[in-house]
Amino acid sequence: MTRFAITCVLALFASLSSFATETGSPSWQVYANCAAAYRANWQNRLAGPNRTQAMSAMIQEQSGDYQKAASRSYEAARKVSASAADQAVRAYMQANIVGYVAMDKAGTLESFIDKCPQLAP
């Protein structure tokens with residue numbers, strides 16, 4: 001992926017991070033982007049010699065937590081079923097994961113992940 005594409009993904013996140021629902025929480029897209037970023041981090045480094053199994057599992061779990069938050073937010077915002085929300089969020093993540101893998105390869109993904117909102121316990 002080119003620097004331009006990486007810059008576009010970063011700009012997308014910056015603009016999405018300012019979008020909030022009526023409750024003041026981040027929009028479903030912000031959560032879905034974070035889920036995709038964690039998934040890319042997990043996927044791209046799965047075979048890495050410095051990644052323990054426990055760390056891989058934690059990163060994959062974090063992706064799942066953001067995905068669930070995105071689905072709940074999507075369901076509430078769009079007034080759709082839980083399965084429709086899950087499907088939409090998965091499709092959104094799949095469409096964006098290549099960009100996040102490219103960011104990981106370029107060394108910019110971790111700073112992106114650091115900007116993800118904290119999830120409620």
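Looking at the range 3-20, is at least one residue under 20 Å from ALA102 (Cα atoms) and either more than 17 Å from the chain's Cα centre (by Cα) or modelled with pLDDT of 90 or more (or both)? Within the range 3-20, one or more residues are under 20 Å from ALA102 (Cα atoms) and either more than 17 Å from the chain's Cα centre (by Cα) or modelled with pLDDT of 90 or more (or both). Taken together, ALA76, ALA85, ALA95, ALA57 contain a single residue that is surrounded by fewer than 17 Cβ atoms within 10 Å (Cβ to Cβ) and under 19 Å from SER25 (Cβ atoms), which is ALA76. Tell me, yes or no, whether the range 25-42 has at least one residue that is at pLDDT below 90, outside any helix (DSSP H, G or I), over 21 Å from ARG90 (Cα atoms) and not aliphatic (A, V, I, L, M). Checking the range 25-42: not a single residue is at pLDDT below 90, outside any helix (DSSP H, G or I), over 21 Å from ARG90 (Cα atoms) and not aliphatic (A, V, I, L, M).
The values are calculated or read from the model by the stated rules, or taken from the named source; none is laboratory data. In this text, all values refer to a predicted model and were calculated from it rather than measured experimentally. Every residue, glycine as well, gets a Cβ built from its backbone with ideal geometry; the counts of neighbours run over all protein chains shown.
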